[in-house]
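In what follows, a structure is listed as structure tokens, so that the remarks can point back to it.
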Amino acid sequence: MGTTDLFDLDGKVALVTGASRGIGEEIARLLAQQGAHVIVSSRKREDCEAVANAIREAGGSAEAHACHVGRLDDIHAIFEHVRARHGRLDILVNNAAANPYFGHILDTDLTSFEKTVEVNLRGYFFMSVEAGKLMREHGGGAIVNTASVNALQPGDRQGIYSITKAAVVNMTRAFAKECGPLGIRVNALLPGLTKTKFAGALFEDEALYQSWMAQIPLRRHAEPREMAGTVLYLVSDASSYTNGECIVVDGGLTI
Ligand SMILES: NC(=O)c1ccc[n+]([C@@H]2O[C@H](COP(=O)([O-])OP(=O)(O)OC[C@H]3O[C@@H](n4cnc5c(N)ncnc54)[C@H](OP(=O)(O)O)[C@@H]3O)[C@@H](O)[C@H]2O)c1
């Protein structure tokens, strides 16, 4: 087997949440480039359609499907669709997350708390449950959860978000332990500061941005595409014996 075969995803069906922009879009594009059929998903169908079109124009295979991962009905609906249209799922990337509150932890209101937990925790959990059931029927698959370096060190004024990301790390290990015997590998990506809409507040505040730069040994933020290679590794045969692992991609921030 040549080295490039290790990363070949020909014939695989992949579902990527939060794929209409940012890190998820780059993951969707790279998985399609490696031969997977990619279901591009987020809340806004038309934004997903634009990414799916771009993938098809580049010679790949993709479709768009709206799914708000904070809504259980949406989760059940997308899996009904995947089952009916493809009959299988080989790859799930749980990447869509919410961070509605930026402020002191003591001022966290219930609405922000619930939204963060519903999307980042309940969403990832039930997406993984549904994917796992489908993967179990076909001998296995790979799940990757986008967590964050905030899982290891809580971000300042990002309390509840960081708490859900730490839970995603434990969720990754829990699913890896119980789904490993079913041939399903479950791993996580922990990105550092990446230039996307999501991290906008950190880029707009010059003092805050400079304080991050001083702590990052590579002295720069990441571009979204710099996260995609790790996900490709984790969903491909290149990582066939990697299970329950959390890979930090942060330019050295957490050293
Ligand atoms: N950027 C960073 O510095 C950084 C650092 C560490 C971890 N992360 C993690 O990386 C992941 C991707 O973030 P990003 O930086 O790429 O953000 P982004 O560019 O803002 O993209 C977020 C994506 O998630 C979708 N989305 C948001 N809420 C959703 C929901 N409830 N249901 C379904 N889709 C939803 C958005 O599309 P719609 O609006 O159409 O739904 C969009 O496609 C997140 O898990 C985030 O926590 C980011």
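Points worth noting:
- Within segment 123-255, percent of DSSP bridges classed antiparallel, to nearest 5: 0 percent
- Non-local lysine pairs in segment 13-249, meaning eight or more places apart or on different chains, with alpha-carbon distances under 22 Å, amount to 9.
- For segment 94-109, there are no residues whose amide N sits under 17 Å from a probe point set 7 Å from the Cα of Ala214 along the beta carbon direction.
- Segment 13-249 - percent relative contact order, Cα under 8 Å, separation 6 or more: 19 percent
- Stretchable slack from Asp237 to Ala54, in nm (0.36 nm times residue separation minus alpha-carbon distance): 63.3 nm
- Translational diffusion coefficient (Stokes-Einstein; Kirkwood radius from C-alpha pairs) of the chain at 10 °C, 1.306 mPa s, in µm²/s: 87 µm²/s
- Net charge of Cβ neighbours under 15 Å - reference Ser61; Lys, Arg +1; Asp, Glu -1: -1
- Where labels lie 7 Å past Cα in the beta-carbon direction, separation of Ala207 and Arg157 in nm: 1.0 nm
- Distances between every pair of Cα atoms in segment 143-221, grouped in 5 Å steps from 0 to the bin holding the largest one, split as 3, 14, 20, 21, 15, 11, 7, 5, 2, 0 percent.
- Taken about its Cα centre, segment 1-138 carries a charge dipole of roughly 220 debye when the Cβ of each Lys and Arg holds +1 and the Cβ of each Asp and Glu holds -1.
- Förster radius 45 Å - calculated FRET efficiency between Phe113 and His86 (Cβ-Cβ, nearest 0.05): 0.80
- Over the chain: helical MRE at 222 nm, DSSP H runs n ≥ 4 each giving -39500 (n - 2.57), nearest 500: -13000 deg cm²/dmol
- When DSSP beta bridges are restricted to pairs lying wholly in the chain, around 0% turn out antiparallel.
- Nearest-20 debye value, the chain charge dipole, Cβ charges on Lys, Arg, Asp, Glu: 280 debye
Where a number appears in this text, it was derived from the coordinates with a stated rule and is not lab data. What you see is a predicted model, and the numbers here were worked out from it, not measured in a lab. Positions of Cβ are backbone-derived with ideal geometry, glycine not excepted, and every protein chain shown enters the neighbour counts.
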